[in-house]
Amino acid sequence: MNQFNGKTVIITGAAGHLGHATAHAFAAQGAKLALVSRDPVALKSLLQDLGAMADAAIFPTDLLQPQAVSAMVDQVSDHFGQIHVLANLAGGFTMGPPLHETSDADWDKMMDLNARTLFHCVRATVPRLLEFGGGRIITIAARAATKGSGHMAPYCASKAAVITLTESLADELKHQGITVNCILPGTLDTPINRAAMPDQDHANWVALDAVADVILFLASDAARSITGAAIPVYGRS
Ligand SMILES: NC(=O)c1ccc[n+]([C@@H]2O[C@H](COP(=O)([O-])OP(=O)(O)OC[C@H]3O[C@@H](n4cnc5c(N)ncnc54)[C@H](OP(=O)(O)O)[C@@H]3O)[C@@H](O)[C@H]2O)c1
């Protein structure tokens, strides 16, 4: 079943691990894909990978530059017409020193990467969704957003911000046909995580296509009555 036939999906962080899996999952269901990350080479490689499977185009954009984000949304709209779904996957993680030794630069890096990128995307995209009468926004926080951990304070706080931004948006948009939901992945089964944690049981981690399935569910008609949710996707970890 091509349940996203004719639907345009913006995927930020498309060149990343989860981005690849999500792009393939939406492509398999007939979606038109606007693939967004900074690195054009990585985006071109994803586009090649998708091949004839999808009507896709790349929009290399630094999501920390508000004017560039607005221009990207305009270009997506010019290219594909109506925008139906924003899947905001861009984000990332670094361990750090204890909070009392954390620099402003390290604090800003996590807040920018996880919270500000979302803020910029939403600010540029929501007016388009409202103009078209509705849509779906899916955000990615993390299990680490639910409880602080040592040497991860800026990351935990930035992902907690993603949850509260999601809840606030959902509240603001609930009467306007836009649902906004957040996924909290546990450790994803990526090559980088395998290299960093070779001794862990990788079978307990979350498969990328399993998270992509939840993203597609939240973007689907079946999830039309769900908004403001923060959904744990922890696998067996
Ligand atoms: N990996 C895990 O175990 C795990 C666990 C919980 C939650 N998560 C979350 O899940 C999401 C995807 O994770 P992942 O492992 O797939 O990450 P990833 O492979 O590092 O991909 C992150 C993507 O975000 C893009 N990005 C970062 N900053 C950007 C910016 N300023 N403008 C535009 N694009 C930007 C990166 O592309 P460019 O560098 O080309 O811009 C990259 O494509 C992230 O939000 C992450 O925090 C991951």
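What the Cβ-Cβ distance of residue 67 and residue 132 gives, at R0 = 25 Å and to the nearest 0.05, is a FRET efficiency of 0.65. The listed peptides 93-99, 229-235, 191-197, 8-14, ordered by packing as a protection proxy, come out as 8-14, 229-235, 93-99, 191-197 (highest mean of other Cβ atoms within 10 Å first). Per-residue extension of 0.36 nm, minus the Cα-Cα distance of residue 28 and residue 192, leaves a gain of 56.5 nm for this segment. Taking each residue as 0.36 nm, the span from residue 168 to residue 49 lengthens on full extension beyond its C-alpha to C-alpha distance by 39.2 nm.
Can you send over the carbon and sulfur percentage of the accessible area for the chain, probe radius 1.4 Å, protein chains only? Please report the intermediate quantities before stating the final value.
Numbers: 5760 of 10960 Å².
Solvent-exposed carbon and sulfur of the chain make up 53 percent of the total.
The count of lysine pairs in the chain that are at least 8 places apart or cross chains, and whose C-alpha atoms lie under 30 Å apart, stands at 14.
Can you compute the FRET efficiency between residue 234 and residue 94 using 1/(1 + (r/R0)^6), with r the Cβ-Cβ distance and R0 = 25 Å? Round to the nearest 0.05.
For residue 234 and residue 94, the calculated efficiency is 0.75.
Here r is the Cβ-Cβ distance between residue 149 and residue 5 and R0 is 41 Å; the resulting FRET efficiency, rounded to 0.05, is 0.45.
Per residue, the chain exposes an accessible area of 46 Å² to a 1.4 Å probe, with every protein chain left in place. Helices in the chain that qualify as membrane-span-like (whole DSSP H runs, Cα extent of at least 24 Å along the helix axis, mean Kyte-Doolittle hydropathy of 0.5 or higher) are 153-173. Taking the average, over residues, of other Cβ atoms within 10 Å as the packing measure, peptides 144-151, 72-79, 156-163 rank 156-163, 72-79, 144-151 from highest down.
The values are calculated or read from the model by the stated rules, or taken from the named source; none is laboratory data. All figures in this text were calculated on a predicted structure; none of them were measured in a lab. Quick reminder, even Gly has a Cβ in these numbers, built from the backbone with ideal geometry, and neighbours come from all protein chains shown. Ligands, DNA and RNA are stripped out before the accessible areas are found, and what is left, the full protein with its side chains, is counted by its heavy atoms. Shrake-Rupley method; radii C 1.70, N 1.55, O 1.52, S 1.80 Å.
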